[in-house]
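First, the structure itself, so that you have it in front of you.
The values are calculated or read from the model by the stated rules, or taken from the named source; none is laboratory data. Computed from a predicted structure; not experimentally measured. Positions of Cβ are generated from backbone atoms using ideal geometry, with glycine treated the same way; all protein chains shown enter the neighbour counts.
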Ligand SMILES: CC(C)(COP(=O)(O)OP(=O)(O)OC[C@H]1O[C@@H](n2cnc3c(N)ncnc32)[C@H](O)[C@@H]1OP(=O)(O)O)[C@@H](O)C(=O)NCCC(=O)NCCS
């Protein structure tokens, strides 16, 4: 299985948007993306990568086909206590056709290596709703340990409960 992370280009936007299903909207984005909004998001990721700050994200290619998305964000403080250092938050999705083949586990492993190699942080975090069993399994399979449960919001703004999982890199 050949899984790679690559920067996202404007021409990847249609495949990226086509890979968004109801599960992605429910658990991650809160709404379907437009092509223009997606290209603007890719531009922000490229600018952040160039500047070495903020959220940095990649497409996940499986055998040369765009199969998902993963990003890392050192600035997310959701669920942390005031003096607590921020772990680097990881977010991800896998397109429906590619699910169930350990693509997410591979992508999380690759973004953890990226975070470490680029000295973005020493601890990674996955924030996940307890009912999102697939993502909870990804976190546990990748070796993340449960840290705490905290009140938060769904991507659409409604109240939710999240679990914070952490991994020392
Ligand atoms: C969560 C998601 C990324 C998993 O992607 P995936 O490539 O199918 O996951 P993997 O194949 O790497 O599976 C990892 C583990 O999850 C388990 N799993 C996958 N889908 C599952 C499901 N629907 N229900 C229960 N377990 C599931 C696998 O069996 C595997 O566990 P194991 O190694 O103990 O057998 C994908 O379902 C998705 O994109 N969901 C929508 C977006 C989302 O929820 N993002 C995360 C927000 S926190």
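For residue 109, indicate whether it is touching a strand residue (DSSP E or B) at 6+ places or on another chain (Cβ under 6 Å) and either closer than 16 Å to residue 167 by Cβ or away from the ligand (no atom under 12 Å from the Cβ) (or both).
Judged against the criteria, residue 109 is not a match.
Is it the case that some residue within segment 46-53 is over 16 Å from residue 4 (Cα atoms), touching a helix residue (DSSP H, G or I) at 6+ places or on another chain (Cβ under 8 Å) and modelled with pLDDT of 95 or more?
no
Could you check segment 142-157 and list, in sequence order, the residues that are near the ligand (Cβ under 10 Å from one of its atoms) and crowded, with 17+ Cβ neighbours inside 10 Å?
The one that is near the ligand (Cβ under 10 Å from one of its atoms) and crowded, with 17+ Cβ neighbours inside 10 Å: 142.
Looking at segment 123-139, can you tell me whether even one residue there is under 15 Å from the mean Cα position of the chain (by Cα), part of a loop (DSSP other than H, G, I, E, B) and under 21 Å from residue 84 (Cα atoms)?
no
Got a sec? Which of 125, 139, 104 is surrounded by 18 or more Cβ atoms within 10 Å (Cβ to Cβ), in contact with a helix residue (DSSP H, G or I) (Cβ under 6 Å, 6 or more places away or on another chain) and closer than 20 Å to residue 72 by Cβ?
Going through 125, 139, 104 in turn, the sole match is 104.
Kindly indicate which of 75, 22 is out of contact with any helix residue (DSSP H, G or I) (no Cβ under 9 Å at 6 or more places or on another chain) and within 10 Å of the ligand (Cβ to nearest atom).
22
Out of all the residues in segment 82-95, is one or more in contact with a strand residue (DSSP E or B) (Cβ under 6 Å, 6 or more places away or on another chain) and away from the ligand (no atom under 12 Å from the Cβ)?
Within segment 82-95, one or more residues are in contact with a strand residue (DSSP E or B) (Cβ under 6 Å, 6 or more places away or on another chain) and away from the ligand (no atom under 12 Å from the Cβ).
Which number in (1) away from the ligand (no atom under 12 Å from the Cβ); (2) more than 24 Å from residue 22 (Cα to Cα); (3) not in a helix (DSSP H, G or I) marks the one condition that residue 114 misses?
Looking at each condition in turn, residue 114 falls short on (3).
What number of residues within segment 21-40 satisfy the criterion of being crowded, with 17+ Cβ neighbours inside 10 Å and more than 14 Å from the chain's Cα centre (by Cα)?
The number of residues fulfilling the criteria is 3.
So how many residues does segment 56-110 have that are free of Cβ contacts under 8 Å to residues at least 40 places away in the same chain, within 21 Å of residue 134 (Cα to Cα) and in a loop (DSSP other than H, G, I, E, B)?
Of the residues in segment 56-110, 2 are free of Cβ contacts under 8 Å to residues at least 40 places away in the same chain, within 21 Å of residue 134 (Cα to Cα) and in a loop (DSSP other than H, G, I, E, B).
If you don't mind, another one. In this structure, is residue 129 more than 15 Å from the ligand (Cβ to nearest atom) and farther than 13 Å from residue 70 by Cα?
Considered against the rule, which asks whether it is more than 15 Å from the ligand (Cβ to nearest atom) and farther than 13 Å from residue 70 by Cα, residue 129 comes out as no.
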